[in-house]
Amino acid sequence: MNKIEETPDTAITTDDLASTVSVKTAHKSTPGKLFLGCAFLFATVVMVVLDQWLKVWSTAHLAGNDPRTLVNGVLGLTYFHNTGAAFGFLGGAGWGRWVLTVLVFGLLALVGWYYFKLPNTRRMWLVRVPLLLIFGGGLGNLIDRVRLGYVVDMIEFLFMRFAIFNLADVFVTVGAFAVVAVMLYLGKEAPWPFDDKKKSNDVQADE
């Protein structure tokens, strides 16, 4: 029986194997990136539509009218123009609109970049979902600020003295607290935005 001798031209090196595996991995990651993009777009559109719809409804039914009670002594609806940030912060500053617009735009860019930078694993959705809440809520208020010069608020706690807020504020607040809680939960595994010591390639997909 004749044996086929291995020549330098036919020999398979470790570099060739590594290159092949790298190409296959790149092809497998493409659908994941597409899914991340679709999830990002879908969640953002849903949150912005809900937020803007509630603001339009509030403008049509609450502006110039008496406040409405949703739950006696707990929750009500009061129409309010907020020229500041979330919960009225910097509302008295005339220059606050432009400063906040730039800050919010920068924050949204950072959140979007961080969302796509995270390793594509199911475990990292613990971080991605809160980031989506922050992005969707921030964009909803940014649209108001650019289009109207103020943010429409309508939700009010009746059992305590607290700033009037809106649905976008709820998204941002819940998302921010959730991000902090998840980072503390993950501990050393937490994927900090500018931590180059941990590379996404070192994190394997959960099975």
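Quick note: the coordinates plus some simple rules give every number you see, no bench work behind them. Nothing here was measured: the structure is a model prediction, and the numbers come from that model. With ideal geometry, Cβ positions are generated from the backbone for all residues, glycine too; neighbour counts draw on all protein chains shown.
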Gyration tensor (alpha-carbon) shape descriptor, segment 123-180, a/c threshold 1.5: oblate
Modelled FRET efficiency - R0 41 Å, Val56 with Leu186, Cβ distances, 0.05 increments: 0.60
Cβ crowding within 10 Å averaged over residues, with 41-48, 60-67 ranked highest first: 41-48, 60-67
Segment Asn72-Leu148, length gained on full extension (0.36 nm per residue, minus Cα span): 24.2 nm
Distance (nanometres) between label positions extended 7 Å along Cα→Cβ at Lys117 and Val49: 3.1
